[in-house]
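Data first, discussion second: the structure below is written as structure tokens.
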Number of protein chains: 4
Amino acid sequence: MSNSSELHFLRDKLRLFAKVRNWDQFHTPKNLSMALMVEVAELMEHFQWLTALESENLTVEKKQEIADELADILLYLVRISDKLNVELLPTALSKMEKNALKYPEQQVFGSAKKYNEY
Amino acid sequence: MSNSSELHFLRDKLRLFAKVRNWDQFHTPKNLSMALMVEVAELMEHFQWLTALESENLTVEKKQEIADELADILLYLVRISDKLNVELLPTALSKMEKNALKYPEQQVFGSAKKYNEY
Amino acid sequence: MSNSSELHFLRDKLRLFAKVRNWDQFHTPKNLSMALMVEVAELMEHFQWLTALESENLTVEKKQEIADELADILLYLVRISDKLNVELLPTALSKMEKNALKYPEQQVFGSAKKYNEY
Amino acid sequence: MSNSSELHFLRDKLRLFAKVRNWDQFHTPKNLSMALMVEVAELMEHFQWLTALESENLTVEKKQEIADELADILLYLVRISDKLNVELLPTALSKMEKNALKYPEQQVFGSAKKYNEY
């Protein structure tokens with residue numbers, strides 16, 4: 001693996017994974033957004049009846065199941081980004097800068113309101 | 001930024017982002033799974049009425065909006081993984097190996113059935 | 001069953017169902033919104049790799065599975081509405097009137113744009 | 001409105017609403033499942049940073065916004081069920097009977113485990 005980019009490494013592995021299975025025909029952005037959503041719902045299902053506190057104190061077995069869901073989410077996210085020619089890392093860094101402007105520290109300190117509710 | 005890990009770099013930036021806003025109190029795994037879901041829905045909304053073909057031929061403006069949604073998804077995914085002490089990259093690589101066993105190339109070639117439907 | 005309201009009939013059955021299982025403690029609006037989402041994801045999963053045409057031509061077996069998901073969605077929707085003291089039917093009728101104003105027939109004829117994109 | 005069925009009444013209104021806008025072409029089961037999901041995410045967004053207690057004590061203004069989301073969910077649910085020829089009410093009643101068997105009162109009393117975790 002090249003040190004320079006984990007996300008490109010995953011992207012390339014996923015390209016090959018789909019290619020040898022002839023799955024590109026299914027991997028439209030529309031379908032991949034649905035598949036990504038389904039994985040996030042599988043993650044969320046683990047938390048639906050838990051209190052906030054319980055969601056922070058999971059058994060080792062639950063943790064492993066949840067880690068696998070997080071992995072699936074990353075894989076679909078990298079895949080759909082590839083299909084849309086979006087470079088995830090620079091886009092995420094630039095989005096963090098936008099978010100910092102939308103949520104100035106002093107103004108939002110300790111508050112979970114949405115930026116348009118201030 | 002260390003070349004060795006983009007995901008750790010993002011993780012550390014997000015830790016600081018939350019800390020200076022006193023947002024850790026809101027960032028339980030349960031809440032973050034919900035926030036992640038909401039971002040994926042915002043992504044999916046762009047595709048809901050499009051044909052598969054249209055979803056592959058977006059305007060530059062739509063592309064930028066969609067790239068921003070993908071970025072938000074990555075940011076929440078890195079954040080919830082941090083809160084759960086999950087190392088995303090090795091977990092994703094090991095999940096890809098499990099997926100390869102679940103979906104052997106010859107058996108699934110050109111088919112989108114679920115692994116338990118073969 | 002009273003003819004006057006199917007939705008009240010379901011609401012009352014669900015109240016009893018939760019009560020005899022001592023489940024009210026879990027049925028906060030927050031948790032129920034998550035459970036509702038998980039059911040909708042299970043519905044959507046059936047369609048994720050299908051073409052639009054395939055999604056209109058399902059096997060009898062698939063249809064039955066999907067009907068069960070639709071039922072679960074209605075049950076959680078009625079339950080969360082009850083917990084929030086929302087009367088679903090009049091609210092839905094009044095929302096349809098708002099939607100009619102947002103999407104005037106002539107203006108939106110044959111177009112799937114969002115109301116703020118006209 | 002016929003007293004005998006609120007859900008049929010809504011179904012018929014929604015059929016007409018789509019017809020006069022020439023929207024049937026967009027209303028495939030696949031697309032409608034996505035639209036339904038997006039509405040549920042809009043509902044869930046209201047709750048994502050709230051504690052369970054806060055989610056039970058909403059302002060009048062928030063309540064109204066949430067009621068509108070619940071209405072949209074019902075409308076899309078009735079619409080997709082119509083497109084799939086599923087009769088929501090009897091299906092929901094029969095699903096409640098299945099759920100009662102899956103979750104016997106004594107066994108699940110006060111517990112939120114999934115049926116396959118007992």
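The values are calculated or read from the model by the stated rules, or taken from the named source; none is laboratory data. Quantities reported herein were computed from a predicted structural model and do not represent experimental measurements. Heads up, the Cβs are rebuilt from the backbone with ideal geometry, glycines too, and the neighbour counts pull from every protein chain shown. Note: accessible area is taken over every heavy atom of the protein model, side chains too, but ligands, DNA and RNA are not part of it. Shrake-Rupley method; radii C 1.70, N 1.55, O 1.52, S 1.80 Å.
Find the residue count for region D:78-118, including only residues that are of a type outside the set (Gly, Ala, Ser), within 19 Å of the chain's Cα centre (by Cα) and assigned to a helix (DSSP H, G or I).
Matching residues across region D:78-118 total 15.
For region D:97-109, the criterion of being under 30 Å from residue C:102 (Cα atoms) and modelled with pLDDT of 95 or more is satisfied by no residue at all.
Within region C:53-109, the only residue that satisfies the criterion of being in contact with a Pro (Cβ under 7 Å, 6 or more places away or on another chain) and hydroxyl-bearing (Ser, Thr, Tyr) is C:55.
Condition check: crowded, with 22+ Cβ neighbours inside 10 Å, under 17 Å from the mean Cα position of the chain (by Cα), within 14 Å of chain B (Cβ to nearest Cβ) and within 30 Å of residue C:58 (Cβ to Cβ). Does residue D:74 satisfy that?
For residue D:74, the condition - crowded, with 22+ Cβ neighbours inside 10 Å, under 17 Å from the mean Cα position of the chain (by Cα), within 14 Å of chain B (Cβ to nearest Cβ) and within 30 Å of residue C:58 (Cβ to Cβ) - is not met.
Evaluated against (1) of a type in the set (Asp, Glu); (2) in a loop (DSSP other than H, G, I, E, B); (3) open to solvent by less than 40 Å² (accessible area, probe 1.4 Å), residue D:69 falls short on exactly one condition, (2).
Taking region A:4-53 as the range and being of a type in the set (D, E, K, R) and more than 17 Å from residue B:73 (Cβ to Cβ) as the test, the residues that pass are A:12, A:13, A:15, A:19, A:21, A:24, A:45.
Only one of these is on the phi > 0 side of the Ramachandran plot, among the polar types (S, T, N, Q) and open to solvent by 30 Å² or more (accessible area, probe 1.4 Å): A:22, A:57. Name it.
A:22
Applying the set (1) away from chain A (no Cβ under 13 Å); (2) at pLDDT below 95 to residue C:54 leaves exactly one unmet item: (1). Out of everything in region B:80-118 that is over 30 Å from residue C:54 (Cα atoms) and among the β-branched types (Val, Ile, Thr), what residue ends up being surrounded by the most Cβ atoms within 10 Å (Cβ to Cβ)? The residue in question is B:80.
Every residue, every condition in (1) in contact with a helix residue (DSSP H, G or I) (Cβ under 6 Å, 6 or more places away or on another chain); (2) hydroxyl-bearing (Ser, Thr, Tyr), yes or no:
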residue	(1), (2)
A:22	no, no
A:47	yes, no
A:59	no, yes
A:65	no, no
A:72	yes, no
A:80	yes, no
A:87	no, no
A:95	yes, no
A:114	no, no
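Residues checked against (1) in a loop (DSSP other than H, G, I, E, B); (2) more than 30 Å from residue B:54 (Cα to Cα); (3) not acidic (Asp, Glu):
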{"position": "D:16", "(1), (2), (3)": "no, no, yes"}
{"position": "D:23", "(1), (2), (3)": "yes, no, yes"}
{"position": "D:26", "(1), (2), (3)": "yes, no, yes"}
{"position": "D:48", "(1), (2), (3)": "yes, yes, yes"}
{"position": "D:57", "(1), (2), (3)": "yes, yes, yes"}
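In the set C:105, C:87, C:56, only one residue is closer than 30 Å to residue D:110 by Cβ and not aromatic (Phe, Trp, Tyr); that residue is C:87. Considering region C:1-17, the residues that are of a type in the set (Gly, Ala, Ser) and at the interface with another protein chain (Cβ under 7 Å from one of its Cβ atoms) include one that is surrounded by the fewest Cβ atoms within 10 Å (Cβ to Cβ), namely C:4. Restricting to region B:18-43, count the residues that are more than 10 Å from chain D (Cβ to nearest Cβ) and out of contact with any Leu (no Cβ under 9 Å at 6 or more places or on another chain). Adding up the residues that qualify gives 6.
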